[in-house]
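Working notes for the structure below.
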Amino acid sequence: MTNKPTQKKGASKFKLFLKVTMLVTLSLAICATAYGVYLTKQAKHAVDQAYEELDERDIPNNREAKVEPADDNVSILILGVDDSEKRGQGAEHSRTDALLLATLNNKTKTVKLLSIPRDSYVYIPHVGYRDKINHAHARGGTLASIETVEELLDIPIDYYVRMNFNAFIEIIDALNGVELNVPYRMHEKDEFDRNTVNLQPGLQTLNGSEALAFARTRKQDNDIERGKRQQEVIKAVATKASSVSSITKYDDILSAVGSNMKTDMSFTEMKSFFSYLTSGMPRIDTLSLDGYDDMSTGVYYYKLNEESVKEVSHILQSHLGLSPE
């Protein structure tokens, strides 16, 4: 008889605990939903601001119809340009400082990432002669770069993403840096051409300015190693951005994207790529083009090995489902 009040008191406390727990859970759910809606609106605004459709290009070469990212394999050309005021360049007249091609296979949810050396000696359809591939953008803008890569690798470019150094830096800073393995001591210029970046060898977290210097340097090796570092940075950013801890950073990332990036992907098309992250980070296989240094004309070019180009072209065609495995 004497235990009943205690039991009632204990039951009341348990009910109170349940109510508080449910209230907190509901509050968190409401906050998460509200933040998700807010991010969606922010994302749409950022993508709308960044959207730039290319004239005279409704359907890419080698395509019978425009792809649907939710169902099809797609390719994306990523162009990094230096359009800083200090260099006196505009976005459409800058040379590409980085040129990467990603193919995404919708069935396997895998990505192949190719870095194209900036000094590659290739045919540029827009001007009708061979030159460094990074000159294509300066001669004819984004469309000229796309047509040059399509000509080189015999694959369609479905989408492009063009970003300047500010986007690169701000995205990495919004993620509180990315972890990269610095191969050797680096004393490099920052985005303002000041000698302020000093890195020691080893695995470490780099901020945006340091990661940019890491991705751009080629003083102590060559364009191929530089391309590999650019691939490492992209993989590091993708890994960090897909982690749960980075969700609260998306607002800053979207702000950086909207003002410093251009793309012909719509918001709906961009959302389709979230399916690649449902099981965590997708597998990203990196590729490179073999070649050799050439100074026979007095100007430096990177002459691509034809067999290497054919091999990489076949790999990408297969990954896009355009040729047999």
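The values are calculated or read from the model by the stated rules, or taken from the named source; none is laboratory data. Just so we're clear, the structure is a prediction, and the values are computed from it rather than from any experiment. Using ideal geometry, Cβ is built from the backbone for each residue, glycine included, and neighbour counts are taken over all protein chains shown. Protein only, heavy atoms only, side chains kept; ligands, DNA and RNA dropped before computing areas. Shrake-Rupley method; radii C 1.70, N 1.55, O 1.52, S 1.80 Å.
Computed quantities for the displayed model
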| item | result |
| --- | --- |
| Test for Lys44: is it under 29 Å from Glu191 (Cα atoms), of a type in the set (Lys, Arg) and at pLDDT 75 or above | no |
| Residue selected from segment 299-325 under the condition without any contact (Cβ under 8 Å) to a residue 40 or more places away in the chain and not in a helix (DSSP H, G or I), by the criterion least open to solvent (accessible area, probe 1.4 Å) | Ser323 |
| Test result for Leu39, modelled with pLDDT of 85 or more, touching a helix residue (DSSP H, G or I) at 6+ places or on another chain (Cβ under 9 Å) and not in a strand (DSSP E or B) | no |
| Yes/no for Ser296 being without any contact (Cβ under 8 Å) to a residue 40 or more places away in the chain and open to solvent by 60 Å² or more (accessible area, probe 1.4 Å) | yes |
| Residue under evaluation Asn176, criteria (1) open to solvent by less than 40 Å² (accessible area, probe 1.4 Å); (2) at positive phi, criterion not met | (1) |
| From the options Thr239, Thr217, residue that is modelled with pLDDT of 80 or more, of a type in the set (Ser, Thr, Tyr) and open to solvent by less than 60 Å² (accessible area, probe 1.4 Å) | Thr217 |
